[in-house]
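Report on the following structure.
None of the figures in this text is laboratory data; all of them are computed from the coordinates on show. This structure is a prediction, so every number in the text was calculated from the model and none was measured. Counting neighbours? That spans all protein chains shown, and the Cβs are built from the backbone with ideal geometry, glycine included.
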Amino acid sequence: MQPLLRVENLVKHYAAGRPASPNDKLAALDGVSLSIPARTTLALVGESGSGKSTLALCIACLEHPTSGSIWFEGIDVAALLENQQRLLRPQIQLVFQDPASSLNPRWTALEIVGEPFVVRGRFSKQERSDKACTWLDHVGISRRMANRRADELSGGQKQRLAIARALALEPKLVVLDEALSALDCSVQAQISNLLLELQSSLGLTYLFITHDFAMAAHVADEIAVMDHGRIVESGPAEKILRSPGHDATRSLLAATPRVLRAQATLVNS
């Protein structure tokens, strides 16, 4: 299957911030390569500070890599000019960890989902309202809640709203950056199942970034493990669970009791 996204030898350096050595660089990404076939999910798993969010921002054209390539539908988006990237951005959408910080608390659900249409100058006012209502339906927010402000919604409802806004422009790739980690376990399960349903019905491709191996195992076709700015292990989700080959993977698995129980089931099956 042809990949929708292919990242090749991606490097991202930041200034280390030490006044005594201004030329020192911090390698947030150190030669990252990965690919995601269309309509599948790659879970990128790693500890905080491993480079996952930096990779997400580079893929979404919100950070410019130091070197390397990001191929999206055969186009190296890392090589595009800013105005060219702006045309491509609707096809790659981000959903962040904390919906409260990414949603205007004074806006209604309808206004938040309709905002991408306003920014892009699409549709009439009535069409924007109708389409926003349709996306709210898709994510399980009833129309009677459409005129509620974001700060009146629960954490799970806010994340559903953030997902609806991300999907409004009908992207092909959705990058979910720790999008479930701020939710409690029962709500995580509901939202993860919603993501799987949306993927099936809309043909979406996901890059699912997390530190939670249990959730990665639930949603992903493949898992890539990131450590200190590098991909240290990758493969089918079941293979990674059965026989982790890197210390970073084993450490993450050991910190996730739910996955250890699943491993035992796999070994004994």
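Table for the structure above
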| quantity | calculated |
| --- | --- |
| Antiparallel bridge percentage (DSSP; both residues within the chain; nearest 5) | 55 |
| Val175 long-range amide H proximity, modeled H, under 5 Å | Gln93, Leu94, Val95, Leu207 |
| Packing-based exposure ordering (other Cβ within 10 Å, fewest first) of Ile191, Ile75, Ile223 | Ile75, Ile191, Ile223 |
| The chain, relative contact order in percent, only Cα pairs under 8 angstrom and at least six apart counted | 24 |
| The range 121-269 - share of DSSP beta bridges that are antiparallel (%, nearest 5) | 55 |
| Highest average packing first - 237-246, 165-174, Cβ atoms within 10 Å | 165-174, 237-246 |
| Contour excess over end-to-end distance, with Cα ends at Ser186 and Arg148 and 0.36 nm allotted per residue | 11.3 nm |
| For the range 147-163, 3J(HN,Hα) per residue [Karplus equation, 6.51 cos²θ - 1.76 cosθ + 1.60, θ = phi - 60°, Hz, x = Gly/Pro] | 9, 7, 6, 4, 6, 9, 9, 6, x, x, 5, 4, 5, 4, 5, 4, 5 |
| Sequence of Arg143, Arg106 once ranked by neighbouring C-beta atoms within 10 Å, starting from the fewest | Arg106, Arg143 |
| Anisotropy class of the range 132-206 from Cα gyration tensor, a/c 1.5 cut | oblate |
| For the range 1-139: rounded, prolate or oblate by the Cα gyration tensor [a/c cutoff 1.5] | prolate |
| HN-Hα J in Hz across the range 44-50 - Karplus 6.51, -1.76, 1.60, θ = phi - 60°, x for Gly and Pro | 9, 10, x, 5, 4, x, 7 |
| Label-to-label distance, nm, for residues given as Lys239 and Asn83 (7 Å Cα→Cβ offset) | 4.5 |
| Option label - P(r) over Cα pairs in 10 Å bins from 0, in percent computed here, alternatives (i) 6, 25, 30, 21, 13, 4, 0; (ii) 7, 28, 34, 23, 8, 1; (iii) 6, 25, 26, 21, 15, 6, 0 | (ii) |
| Three-way shape call for the range 201-241 based on the alpha-carbon gyration tensor, with the a/c threshold at 1.5 | prolate |
| Set Lys12/Lys172; Lys52/Lys239; Lys25/Lys239; Lys12/Lys125 screened for pairs whose C-alpha atoms are more than 32 Å apart | Lys25/Lys239; Lys12/Lys125 |
| GNM top mover of Gly229, Gly46, Gly155 - the chain, alpha-carbon springs below 10 Å | Gly155 |
| For the range 99-104, 3J(HN,Hα) per residue [Karplus equation, 6.51 cos²θ - 1.76 cosθ + 1.60, θ = phi - 60°, Hz, x = Gly/Pro] | x, 4, 7, 10, 10, 6 |
| Cα→Cβ-extended label distance, 7 Å offset, between Ser69 and Phe123, nm | 3.7 |
| Inter-centroid distance (Cα atoms) of the range 54-76 relative to the range 134-179, Å | 25 |
| Nonlocal amide H pairs with Leu29, under 5 Å, H built at 1.01 Å | Lys12 |
